[in-house]
Ligand SMILES: Cc1cc2nc3c(=O)[nH]c(=O)nc-3n(C[C@H](O)[C@H](O)[C@H](O)COP(=O)(O)O)c2cc1C
C-alpha cells in the first residue's frame, strides 16, 4: 500500500462522495476483475454509510457485482481522465484485456479480496445490499460501505484539500460525451 493512503473512518466516508464525483466501479468474481466508469453514484446514508450506483444491464461489471455481492467505488483524479473515459467506453464483454489496455493497475487495500484501482484519491469498499426490484427495474444498486481509504495528499483530517493539492488531484465531473469538469474553487460560508 502506498504510504500516503490512509483509512477513513466510516462516519466520514460519505464525504468522499458528497461532492458528486464521477467514479470508477470495480468488482471481482471467480478470478475476473472488472472496472467501469459511473457518473451516477451518490451517497445515501451516514451510519452505517451507504451509497447508490446505477449499473446498466449491458455492463460486465454489473455481473461481477451481482455474482460476488461486493464492489469498490473509487474516486479517479484529473490525471486519470483518459483512463476514466477508456474504462467507460470499452467493455470487458468485448475486450478481455480491457483493464491493461485502459491503463488500469490494481492494488490491495486491507485484507479484502477486491480490485482497487491504483492512482485514485479515495476508495470505498462496499457490500451489496441486494434489492432485486430496484436492480432489475432501475439498474439501481445499493452498497453498504464496509471500509474506506483516501490519499492524504488530497483528503485528510476528514475533508478534501483540493484547494491546496496539485490540480492533477482534482475530481472529475462528467456531463456527457467525454466532456468533464474538474472540481472548482472552494466556497465557504462566512
Ligand atoms: C464518464 C462516464 C460515466 C459513465 N457513467 C455510467 C453510469 O453511471 N452507469 C452506467 O451503467 N454506465 C456508465 N457509463 C458507461 C460504462 O462505464 C460503460 O458501459 C462501460 O463500458 C462498462 O464496462 P464493462 O462492460 O467492462 O463493465 C459511463 C461511461 C463514462 C465514460
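Take segment 88-170, drop everything but the C-alpha atoms, weight them equally and run the Debye formula without solvent; then report log10 I(q)/I(0) at 0.13, 0.14, 0.25, 0.26 Å⁻¹ to two decimals.
Evaluating at q = 0.13, 0.14, 0.25, 0.26 Å⁻¹ gives log10 I(q)/I(0) of -0.63, -0.73, -1.15, -1.15.
Per residue, how much space in cubic angstrom lies within the convex hull of the C-alpha atoms of the chain? It would help to have the intermediate numbers written out before the result.
Values: hull volume 23.3 nm³, N = 190.
Convex hull volume per residue, Cα atoms: 123 Å³.
On alpha-carbon atoms, Rg over Rh for segment 40-116 using Kirkwood Rh?
Values: Rg = 13.5 Å, Rh = 14.1 Å.
That ratio is 0.96, to two decimals.
If I build a Gaussian network model for the chain, linking alpha-carbon pairs within less than 10 angstrom, which residue out of 26, 91, 168 has the largest mean-square fluctuation?
Top of the fluctuation ranking is 168.
Relative contact order for segment 5-182: what is it in percent, counting Cα pairs under 8 Å that are at least 6 residues apart?
Values: 383 pairs, mean separation 49.9, N = 178.
Dividing the mean separation by the residue count of segment 5-182 yields 28 percent.
Most fluctuating residue of 29, 161, 133 in a GNM of the chain with Cα springs under 10 Å: which is it?
133
Who wins for biggest fluctuation among 125, 79, 13 in a Gaussian network model of the chain, springs between alpha carbons below 10 Å?
Looking only at 125, 79, 13, the biggest GNM fluctuation is shown by 79.
Between residue 68 and residue 45, what length in nm is gained on full extension when 0.36 nm per residue of separation is reduced by their alpha carbon distance? Don't skip to the end; give the middle numbers.
Numbers: separation 23, 0.36 × 23 = 8.28 nm, distance 2.26 nm.
Length gained between residue 68 and residue 45: 6.0 nm.
Let me have the 222 nm mean residue ellipticity of the chain computed from DSSP H runs of 4+ only, each contributing -39500 (n - 2.57), with the sum over all residues rounded to the nearest 500. Walk me through the intermediate numbers first.
Details: 4 runs with 29 residues, N = 190.
Value at 222 nm, helices only, nearest 500: -4000 deg cm²/dmol.
Throughout, read-outs are computed from the coordinates displayed, never taken from laboratory work. Because the structure is a prediction, the values reported are computed rather than measured.
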